[in-house]
Amino acid sequence: MRKLAALFLIFSLSAAASAATRSIKVAPDVDVPISVYGASRQRLILWLPSEHGVVGPEHALAAQLAKRGYEVWIADLFAARFLPVTPSSLNEIPATDVAQLIQAAAHKHAKLYLVSSGQGASRALEGLQ
């Protein structure tokens, strides 16, 4: 079991290491750090965190999706506003932050897919609205 856990950890770390980083300004004093996997002007997945933040397996999945021709942006909305990763912190992130990310993503890509889970999905929908 330990070997399996160690292999998963190595895989997760190597996948996370292959991401490029950038930031997108969503407010005058707020830049959202983005982990970028792959490069495609056609298909982009904008991945927003749940109330649990972005976890290692999500980075591993993003790396796999990049190998299939998608560009994947994983946005760390909590870090952008210096918030702890807790369910209540998600309520402190304005929907306008998400809206700005969606606009930036849609501006450069033909097809945009919005991904989130848990309470993050409601914040994604509010930003989309």
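No value in this document is a laboratory result; all are computed from the given coordinates. Keep in mind that this is a model prediction, so the values were computed, not measured. Glycine also receives a Cβ, built like all others from the backbone with ideal geometry; neighbour counts cover every protein chain displayed.
Determine the gain in length on full extension of the stretch ALA95-HIS52; use 0.36 nm per residue of separation and subtract their C-alpha separation, reporting nm with one decimal. Numbers along the way, then the final one.
Working: separation 43, 0.36 × 43 = 15.48 nm, distance 1.75 nm.
Length gained between ALA95 and HIS52: 13.7 nm.
The string of couplings for segment 87-95 from the Karplus curve (6.51, -1.76, 1.60, θ = phi - 60°) is x, 5, 5, 4, 5, 7, 8, x, 4 Hz, one whole number per residue in order, with x for Gly and Pro. Less than 5 angstrom separates the built amide H of ILE45 from those of GLU71, VAL72, TRP73, TYR113, all sequence-distant by 5 or more or on a different chain.
The value of relative contact order for segment 13-81, using C-alpha pairs under 8 Å at least six residues apart, is 40 percent.
In this structure, ALA110 and ALA39 have a Cβ-Cβ separation that, at R0 = 22 Å, corresponds to a calculated FRET efficiency of about 0.95. Protection proxy ranking for 105-113, 62-70, using the average of other Cβ atoms within 10 Å per residue and placing the highest first: 62-70, 105-113.
From most to least packed by mean Cβ count within 10 Å, the peptides 89-95, 31-37 give 31-37, 89-95. The eigenvalues of the Cα gyration tensor, multiplied by 5 and square-rooted, give the chain an equivalent ellipsoid with semi-axes of 24, 19, 12 Å from largest to smallest. The relative contact order of segment 34-129 comes to 40 percent, based on Cα pairs under 8 Å that sit 6 or more residues apart.
Looking only at the chain, where both bridge partners belong to it, what percent of the DSSP beta bridges are antiparallel (to the nearest 5)? Can you show the working numbers first?
Numbers: 12 of 21 bridges.
The antiparallel proportion sits near 55 percent.
Along segment 46-53 the Karplus relation, 6.51 cos²θ - 1.76 cosθ + 1.60 evaluated at θ = phi - 60°, assigns HN-Hα couplings of 9, 9, 9, x, 7, 5, 9, x Hz to successive residues, with x for each Gly and Pro.
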